[in-house]
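The values are calculated or read from the model by the stated rules, or taken from the named source; none is laboratory data. Quantities reported herein were computed from a predicted structural model and do not represent experimental measurements. Ideal geometry is used to build each Cβ from the backbone, glycine not excepted, and the neighbour counts take in all protein chains shown.
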Amino acid sequence: MTYKFLKPATIVGIDISEKMLGFGRKKIAKLLLNNEIQLQQGDSEAINFPSGTFDAVTVAYGVRNFQNLHRGLSEMLRVLKPGGKLVVLEFSRPRQNFFRALCNVYMRIITPGIGKLISKNREAYQYLNDSVQKFPEGNDFLTIMNEVGYTATYLKTLTGGICTIYCGTKSKA
C-alpha cells in the first residue's frame, strides 16, 4: 500500500468551546507552532470556510457530540476539496463479550466516579458513556457517511474495539 502524506502549510482547528481552544493555544505556543497551526472558534455544523477549502478534515472524539450528525458530516464534505478525505476517530463498543462487559463497567461506574473525584463533575463523565452508547457506530455510521455523499468509506477498529477510525472521500466528480 502506498501512503500519500499531506504536508500542509497551515493547519486550521475549530472548536465550539473557547475554553478548549485556550488549552490548544497554550500547547501550540509551547511547541512554537503558532505559524503552522491556527485555532478558531466555530461550529462543525456551520463551518465558516468556503466550499472546497481543505485537503483533509479530521475529527477526534467529536462527531458523537454533534446536534445534527448529518448536517455536521455534510458541512465537512462541503469544505473538502474534490478527492479530499475525512478521517474520524470515535469511541465504540467492543464486540467481544468479555471485553465489552469490562468496558461497560469501566464507562458506567469507574469513569464517572473518577470524574467526580478529580473534577467534581460526575455528570460530564456520565455524558461520555451516554454519548458513546447512543452513537451509531460501525456500519451504521458508514451508512450515514454514504447517505451524506462520502465515497470509498471504510472503518478500522482499534484497541479491541474501544475506538474506531472511519474514513471517507469526497468524489472528484
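Set side by side, the residues Leu39, Leu31 differ, and just one is touching a Leu at 6+ places or on another chain (Cβ under 6 Å), among the hydrophobic types (A, V, I, L, M, F, W, C) and over 24 Å from Phe141 (Cβ atoms), which is Leu39. Using the structure shown, decide if Val79 is at pLDDT below 80, buried (at least 16 other Cβ atoms within 10 Å of the Cβ) and among the β-branched types (Val, Ile, Thr). When the stated conditions are applied, Val79 does not pass them. Return yes or no: is Ala60 out of contact with any Lys or Arg (no Cβ under 6 Å at 6 or more places or on another chain), at pLDDT 90 or above, surrounded by fewer than 14 Cβ atoms within 10 Å (Cβ to Cβ) and of a type in the set (A, V, I, L, M)? So Ala60 fits the description; yes. Residues in the range 160-173 that are surrounded by 11 or more Cβ atoms within 10 Å (Cβ to Cβ) and modelled with pLDDT under 90: Gly160, Gly161, Ile162, Cys163.
Of the strands (runs of 3 or more DSSP E) lying entirely inside the range 1-75, the ones with 1 or more residues being closer than 28 Å to Glu147 by Cβ and not polar (S, T, N, Q) are found at 11-15, 54-60. Among the criteria (1) at pLDDT 70 or above; (2) surrounded by 15 or more Cβ atoms within 10 Å (Cβ to Cβ), the one Asn139 does not fulfil is (2).
The residues of the range 35-82 that are in contact with a helix residue (DSSP H, G or I) (Cβ under 9 Å, 6 or more places away or on another chain) and among the acidic types (Asp, Glu), listed by number, are Glu36, Asp43, Glu45.
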